[in-house]
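Have a look at the structure below, then the notes.
Readers should treat all values here as calculations from the given coordinates under stated rules, not as data from a laboratory. Keep in mind the model is a prediction, meaning the values are calculated, not measured. Cβ atoms come from the backbone with ideal geometry, glycine included; neighbour counts cover every protein chain shown.
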C-alpha cells in the first residue's frame, strides 16, 4: 500500500500549482531523505511541469539506492501513482499531460496492458499515432499472451475500433489476437467493429483490409449473417467477384428467413454480374423474382434486424437485367413500402412540425446525398447549385458520411447557405432537416444508399422529391419524381407511386465539362489512322451480353474498325466476356482494345476524342458517360427502351437535336452502328450538330434548367399550401 499525497501538496495538485508541489517534496526530502515515496511524487511533479529529464533523474537516483526486492516494490508504487494521476488528468480533459505520464509509465512498465490500452487512444486523439507503435511497444505479443479474465474487454474493444481506422498489417495482427478476448461481446463487438470497417472500406477505399478483418471475425463467429452480409459487400466493392460469389452463396444457404434470403440473393446477383457469369444470372434472377413475389404476398410485419435497413436495395439490379418497367416498378414500389413500414416501426416518429404556409416566402430547399463530390451525381448536380437564385431560395446540403474533395469544396460548400456532413444515422439527420425547417427535400441518392431512404421514410420535410441519382425509390413518402417529356414514356404514371413531374425540356442540364489534354493516341494502340474506332466506356454491370453481341455484329460489318472498351470492372473478366462473344460472332479478338481507367475525369473526357462513334449500353444506358460523349461532339448509337435507365441517352440526344443513332429495336441499333461506321460524311454532319448545340440546346443551358427547377419547386409549394 503506497503512502498517500501529503497535505498541502495534494491541495496544490488540485489547484494545478505543480511548482508548489515540487517545492513541497524537495523540502520534504531534505528533512526525510530516506522516504522514497517522496521521490515518486517529486518526479511526477517535474513531469507535470514538463521537466521530463528532471523527473526521470529523480526516480533513477532513488531506485539506484535500493535492492532488487526494494526496486520491484518501489516500481509497483510508482506505477500506481502514475496510473492514478494519468486517469485524473484524463478526467480533467488534459489528454496531453495524461499522454506524457503514460508514455513514461510505458517505459517503466512496458508490459502493463492497462496502460497500453489507455496510451493508444491518447496518441490517436492527439494525432501522434502510427501503426508501427503497436510493433514498437510489442502490444500484439502482450495481448496475445494475456489472460482473458484479466483484460478489460471494453477497453480492448475501444482500442480495436480506433486502430481499424489505420489500415495496416499491425492493425490486422492486433485485431486477430484480440478477438479471442472479445468473444463474450459478440453483438456489441461485431457492430462496433463493422461500423468502422464500413467507413474504412467505402470512404478510404480500403476494401481489402476491411475484408481481411471481416474474415477474421468470421473465423470466430462462423456463418454469422451480419458478417457475411458486409463481407460480401467488401468483396463486391473491391472487385473480387469470385470471393463475393462464394460468400453470397454461404449467406444464402445460412439465411433462415425470407428477408435474409432475398438480400443474400441480391448480393449473389451482384457478384455474378460483376464476374460476367451471365449464364448463371438468369436462373438466380428468376429465383429473385419468385422470392420478391413471396415476400410481397406474405407482407411480413417485421424484417430481419440485420437486413431491414438495407432491404430497399434488393430491387436495384432489376434495371440492369431487363427492360420491363411495369414489372420492375411493381417490385420497387412494394418493397419500398415494406421497407418503410419496417423502418418506421423500429424508429421513433418525428414530432409533427408544420412549416409556415406562405406562398411568397423564401423557400428552403434541402439536397441530401452521399455523392456531392467527384461522382456522377456531383458532376451533374453542381450546376443547379451554381445557378440557384439565392434571393428566392435558401439552399441546404445534407451530406451523409461523405469524404469531401475539391469538387465538394468549390461547387457545393461555396453555393449553399446551410451545410451539414452528418454521420449515417437516419433519425439524427431527419431531426436536423426538421430543425432547419426545410420546405422541399430533394433526394439525390434514391436506392443507391439505404440511409437516404431511411431519412426520406421519416418525412422530415413537407414536400419530398427524388431527382437525378437513379430511378425513383417507390417510397410512399416521396411526393414527386423529376423527369422530362422523353426520359419516361407517356404511360409511366401508371406504374409510379410518385407523381412524375416533367420539366419542359430535360431533367438535367450542364454548362459543360472540364477537359484536359488527351494522353491516348491510335498509334499507341496499333490502330491505323484511317480505321473506324468504336468505343464503349461503362461499368461492368451495364455490359449485358445481348448488347455486346449486337456490338460485335456492327464490328463484323465494318471491316476496318476497332472497338475500345473502358470502364469500372474486373478487367480480366470483361475481356474474357467480350472475346468469347466476338469469337462466336466471327470477329477477331485483335480488333478489341481494352483500356485502363484514366488518371482523372478531365483526361478521360479528352481521350474520348479517339473514338469516331460511341456505342451505348442497354437495358441500362449511359447517363454521365453519354453527356460526356455529346460534349466531346462524338456520334452515339443508343437502344431506347421503356424504363428510365433505358431512355437517358434518348432524351439527351433529342435535346441536342441529333436524332441519328436513336434505335428503337435491336435491328435498328445494329443498322445505325454500321451506317455511322461506313458513312464518314454522316459522322461529320453529327459532329457539326453537336458543336452547334452547345450554343442552343437546353441540355447545355444550366441557368435556364435551374429556372425550370425553381419554377417546379414553387408550383409544388403552391400545391402544398393549397
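Numbers below:
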quantity	calculated
Extension gain from residue 511 to residue 523, taking 0.36 nm per residue of separation minus the Cα-Cα distance	1.0 nm
Label assignment, volume of the Cα convex hull per residue in Å³ derived from the structure, set [x] 198; [y] 329; [z] 212	[x]
Ranked 111, 625, criterion: other C-beta atoms within 10 Å, fewest first	111, 625
Backbone N under 20 Å from the residue 208 label point (7 Å along Cα→Cβ), restricted to segment 546-589	568-574
Semi-axis lengths (Å, descending) of the ellipsoid that matches the C-alpha gyration tensor of segment 476-562	39, 20, 12
Rounded Å value of the spacing that divides the Cα centres of segment 566-626 and segment 104-125	53 Å
Nearest 10 degrees, 0 to 90: helix 258-274 Cα axis against the chain principal axis	70 degrees
Sequence ranges 360-371, 630-641, ranked by mean other-Cβ count within 10 angstrom, highest first	630-641, 360-371
Sites residue 682 and residue 539, calculated FRET efficiency, Cβ-Cβ separation with R0 41 Å, nearest 0.05	0.90
Calculated FRET efficiency for the pair residue 722/residue 289, C-beta based, R₀ 25 Å, to 0.05	0.05
Ranking of 375, 241 by count of other Cβ atoms within 10 Å, fewest first	375, 241
Rounded Å value of the spacing that divides the Cα centres of segment 456-470 and segment 65-86	63 Å
The chain - mean residue ellipticity at 222 nm from DSSP helices (-39,500 (n - 2.57) per run, n ≥ 4, rounded to 500)	-16500 deg cm²/dmol
Among 60-69, 115-124, the order from most to least packed when residues are scored by Cβ within 10 Å on average	115-124, 60-69
Backbone N under 16 Å from the residue 406 label point (7 Å along Cα→Cβ), restricted to segment 369-392	373-375, 379
Span per principal axis, largest first, for the Cα atoms of segment 363-502 (Å)	41, 29, 29
Linear extension gain, residue 114 paired with residue 546, 0.36 nm per residue minus alpha-carbon span	149.3 nm
FRET efficiency, residue 499 to residue 326 (Cβ-Cβ, R0 25 Å, nearest 0.05)	0.85
Distance in nm between pseudo-label sites at residue 186 and residue 68 (7 Å out along the Cβ direction from Cα)	4.8 nm
Relative contact order (%) - segment 363-502, alpha-carbon pairs under 8 angstrom, separation at least six	22 percent
Cβ-based exposure ranking for 301, 410, in which fewest neighbours within 10 Å come first	301, 410
Mean separation of Cα contacts under 8 Å, 6 or more apart, over the residue count of the chain: relative contact order %	8 percent
Relative pair counts by distance (%), Cα atoms of segment 516-596, 5 Å bins	3, 14, 28, 25, 18, 9, 2, 0
Distance between segment 233-301 and segment 141-188 - C-alpha centres, whole angstrom	32 Å
Estimated inter-spin distance, residue 391 and residue 414, nm [label 7 Å along Cα→Cβ]	2.3 nm
Shape call, segment 1-109: gyration tensor on alpha carbons, a/c limit 1.5	oblate
Pair residue 360, residue 242: separation of 7 Å Cα→Cβ label points (nm)	7.0 nm
0 to 90° range, to nearest 10: angle between helix 376-387 axis and the chain longest Cα axis	90 degrees
Helix 37-48 vs. the chain, principal-axis angle (Cα, 0 to 90°, nearest 10)	40 degrees
